[in-house]
Amino acid sequence: MLQEGILTDITINATDGSIMAHRAILASRSPVFRSMFSHDLKEKELSTVDISDMSLEACQAFLNYIYGDLRSEEFLTHRLALLRAADKYDISDLKEACHESLLEDIDTKNVLERLQMAHLYRLQKLKDGCLRFLVDFRKVYEMHDDFKVFLQTADRDIIAEIFQGILTTWSGR
């Protein structure tokens, strides 16, 4: 239905293009979409939804998930965007799938970004995993320059948790 555009009745506008979809399917998977289409909001009146914080490709992956047709490589490629969308549109099973997936491949290139996302989206297991990676595995020392930049922009609560972990590790010696 989605791929062939059969009887579509809503246009989803992403940052770099549009996709036609079905209100009923979107509303059945997301209370946010249901609310948009049930009340006199511009989305209902204009038959469009602007998802201006997603690329067309990521938006297609999001819709593929909603329609039950998301391929694993597509999920892995877009899981950060999917996490944002899952949180924004209150799709808890997608949010949890992203959460679990992001735990699987934490490394020095992505740990700081994931730590911020874990804090922003209240993903405690991911936050704990990132903190463990930084502190218990002593990766924070290997990432001096990146960590320095992180300290200038990160939320104070995250910074405090990292330093608390470091102090706890030091005192445990």
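The values are calculated or read from the model by the stated rules, or taken from the named source; none is laboratory data. This structure is a prediction, so every number in the text was calculated from the model and none was measured. Note that each Cβ is placed from the backbone with ideal geometry, even for glycine, and that neighbours are counted across all protein chains shown. Surface accessibility is based on the protein's heavy atoms, side chains included, excluding ligands, DNA and RNA. Shrake-Rupley method; radii C 1.70, N 1.55, O 1.52, S 1.80 Å.
Would you mind working out the accessible area per residue for the chain, using a 1.4 Å probe, and quoting it in Å²?
That works out to 56 Å² for each residue.
Given the options His22, His78, His144, state which has the largest fluctuation in a GNM of the chain using a 10 Å cut-off (strictly under) for Cα springs.
Answer for the Gaussian network model of the chain: His144.
How far, in degrees from 0 to 90, does helix 111-120 lean away from the longest principal axis of the Cα atoms of the chain, to the nearest 10?
60 degrees
Suppose R0 equals 41 Å; then what is the FRET efficiency for Asn110 and Leu46 from their Cβ-Cβ distance, rounded to the nearest 0.05?
According to the calculation, E is roughly 0.60.
Residues with amide H under 5 Å of Met20's amide H, sequence separation 5 or more or different chain, H placed in the peptide plane at 1.01 Å from N; which?
Ile12
Within the stretch 44-111, list the chymotrypsin sites (Phe, Trp or Tyr not before Pro) lying in a DSSP loop whose Cβ has at most 12 other Cβ atoms in a 10 Å radius.
none
I need to check one value: relative contact order of the stretch 97-173, counting alpha carbon pairs closer than 8 Å and at least 6 residues apart, in percent.
On the way: 51 pairs, mean separation 22.9, N = 77.
Relative contact order of the stretch 97-173: 30 percent.
Can you give the Rg and Dmax of the stretch 101-156 based on its C-alpha atoms, in angstrom?
10.4, 28
Rounding to the nearest 20 debye, state how big the charge dipole of the chain is about its Cα centre with +1 on each Lys and Arg Cβ and -1 on each Asp and Glu Cβ. List each step's numbers first, then the result.
Numbers: 21 positive and 29 negative charges, 113 e Å.
Value, rounded to 20: 540 debye.
Extension gain Ser55-Leu151, at 0.36 nm per residue separation less the Cα-Cα distance, in nm?
Between Ser55 and Leu151, full extension yields an extra 31.7 nm.
Any idea what angle helix 72-88 forms with the longest principal axis of the chain, computed on alpha-carbon atoms, 0 to 90 degrees, nearest 10?
90 degrees
What GluC sites (Glu not before Pro) does the stretch 31-133 have in DSSP loop regions with at most 15 other beta carbons within 10 Å?
Here the sparse-neighbourhood loop sites are Glu104.
Just the ratio, please: alpha-carbon radius of gyration of the stretch 16-173 over 2.2 N^0.38 Å, N its number of residues.
Cα Rg divided by the expected 2.2 N^0.38 Å: 1.25.
Tell me the carbon and sulfur percent of the accessible area for the chain, rounded to whole percent, probe radius 1.4 Å.
Carbon and sulfur together cover 51 percent of it.
For the stretch 121-173, run through the chymotrypsin sites (Phe, Trp or Tyr not before Pro) and keep only the ones in DSSP coil with at most 14 other Cβ atoms within 10 Å of their Cβ.
Phe137
Please state the relative contact order of the stretch 87-141 as a whole percent: Cα pairs under 8 Å, 6+ residues apart?
Relative CO of the stretch 87-141 lands at 33 percent.
Tell me whether the stretch 9-108 comes out rounded, prolate or oblate; compute the Cα gyration tensor, take square roots of the eigenvalues as a ≥ b ≥ c, and use a/c under 1.5 as the rounded threshold.
Verdict is prolate for the stretch 9-108.
Placing one identical point scatterer on every Cα of the stretch 1-46 and ignoring solvent, what is log10 I(q)/I(0) from the Debye formula at q = 0.13, 0.18, 0.26 Å⁻¹?
-0.28, -0.54, -1.02
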